[in-house]
Amino acid sequence: MESASRNLKPGKCPLTGSTNSLDVSRRDFLGGCAACAAGMSMLSAFGASTALALDKAVAPALGGGTKAKVRLVLAYPSPEGPIWPNIGYDFDGHNRQFVEKLRKACPGIEFLTCDVMNDDEAKKVAEKDSEVDGYIVYLSGCLWGAASDIIAAKGKPTVIVDHLYAGSGEFLTGYARVRRKGMKVAAVSSSRIEDVAQAARCIETIAKLKSSKMLVVGGNANKTIEKQFGTKVVEVEFAELNDAYDKADKEQAKKIADRWIKAAEKVIEPSRDEIIKSAAMYLAMAQLLERHKAQAIAVNCLGGFYGGHIFAYPCLGFMQLNNDGFIGACEADQKSTITMLLMTYLTGRPGMISDPVIDTSKNQIIYAHCVAPTKVFGPNGSSNPYHLRSHSEDRQGACDRSLMPLGEMTTTVEFDAGKRQVILHQGVTVENVDEDMACRNKLAVEVKGDVYKLLNEWDRWGWHRVTYYGDYKRAVHNIASLMGFSVIEEA
């Protein structure tokens, strides 16, 4: 006999053939999103309202309207006998509320719902479901079967979620079992829908990486990145960047430079002409992003500038790109570039690459570099003050010194495709260090953990790290688990 919840509403699950009151056709769902999809052609792939703020005429035509597809498996038993949460429980009503809340919290995901009440129905989902980017298995009750194992064995990112006091027994045993088997799974056991949404956005991020592209100017493409993340890495010669720089609209570059100057709290070393050159480099990088339909650009800036291959530092252009939701990355560091792309998809915020310095006497790590965003909370967040400075090492060109907010938790990470690992530490911002030595930006944070332990991994990971404003430790652990990466907590 069918469960009581199945008899409440008509409709068939397209995969299992079972009655499913919650499934919405792809056409109907996308039709309901027509209004939010309008006008997306000038927005970045990171989401709405991230077109280049200075001038939409130079915004890369990146699209961004494609939604990740996640199969939401609603797993529960018949409520006709004694069960958790109780006999006669209204699974249909509860599941409907859960799906509505999750869709509202994750507008960038198309959820395809399906009921599963036994292992055979789980097998039908696993056998027929080839179109989705990942799965959420919501244990709204205890089946006491192998549904989680069957779905996770598909090999796609799978989030297993507990409906507290209802699916908890199967959740605890099932998740532990599939995790021990080495499957790409993450778990959510929380009363907050926001925690489920965060895990779902990890699947969305993984899907976006597979359709993204990063440019490497003056460097050799790291093909391991493409193998592990699916992100296409394209080599670009300095000559192509220089050609775009030479052809940049000079009047437009002047307007951009004047806006940077007007918005700055101080202009210390660089002349207006030098800042105009930086604006022309910004326009050139934006042109390359548009030409290649890419979301990220990394430039061998030091080698290019010192070698006479480029004639303006890209620092201010990187600042602007990162403020606006794109990725501009220093020194052709592709490991940091893919980290920035992944984390900005996941958080909606820009990252800061740095060459860190550690002061054990203060329990601090200081993130030093000549590039930093001035909108650390994302394109729609507040702006912090900044100074326009020369590049520190050679006292040439132009860059920014961003006076970033204090008293805020930060999460610092680096993803390594070759190692299949991510390294992570956290700290609270305490000072924008005013010191003439080394790079212009020096953001000090008080380390959360053991500052001496933080000395141990640099030989294996290199000097660079990428810092984000916010507490993203759980998000990093989740996405690492869903990609089959391990996490090293270095402090």
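Values as computed for the structure displayed
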| read-out | value |
| --- | --- |
| Principal-axis tilt of helix 168-180 within the chain, Cα atoms, nearest 10 degrees | 50 |
| Kirkwood-based shape ratio for segment 87-131, expressed as Rg/Rh from alpha carbons | 1.04 |
| Inter-part distance where segment 318-340 and segment 449-487 are each reduced to a Cα centre, Å | 18 |
| Over segment 153-262, relative contact order from alpha-carbon pairs under 8 Å, at least 6 apart, % | 18 |
| Span per principal axis, largest first, for the Cα atoms of segment 212-489 (Å) | 50, 41, 35 |
| Kirkwood estimate for segment 393-491, i.e. one over the average of 1/r between Cα atoms, Å | 14.9 |
| Estimated translational D of segment 90-208 in µm²/s (Stokes, Kirkwood radius over Cα pairs; 20 °C; 1.002 mPa s) | 150 |
| Extended-chain gain in nm, criterion 0.36 nm per residue less alpha-carbon gap, Asp273 and Glu408 | 45.0 nm |
| Separation between Cα centres of segment 218-286 and segment 369-394, rounded to whole Å | 15 |
| Histogram of C-alpha separations across segment 199-332, 5 Å bin width, % | 2, 10, 19, 22, 18, 12, 8, 6, 3, 0 |
| Cα pair distances in the chain, grouped into 20 Å bins until the bin that holds the longest one, percent each | 23, 50, 23, 4 |
| Value of [θ]222 nm, deg cm²/dmol, for the chain, DSSP H segments ≥ 4, -39500 (n - 2.57) each, nearest 500 | -10500 deg cm²/dmol |
| Taking N as its residue count, the alpha carbon Rg of segment 390-430 over 2.2 N^0.38 Å | 1.72 |
| Packing rank of 90-102, 350-362, where each peptide gets the mean count of other beta carbons within 10 Å, highest leading | 350-362, 90-102 |
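Computed from the coordinates by the stated procedures, all read-outs in this text should not be read as laboratory data. Predicted, not measured: the structure shown is a model, and the values here were computed from it. Here the Cβ is made from the backbone with ideal geometry for all residues, glycine too, and neighbour counts use every protein chain on show.
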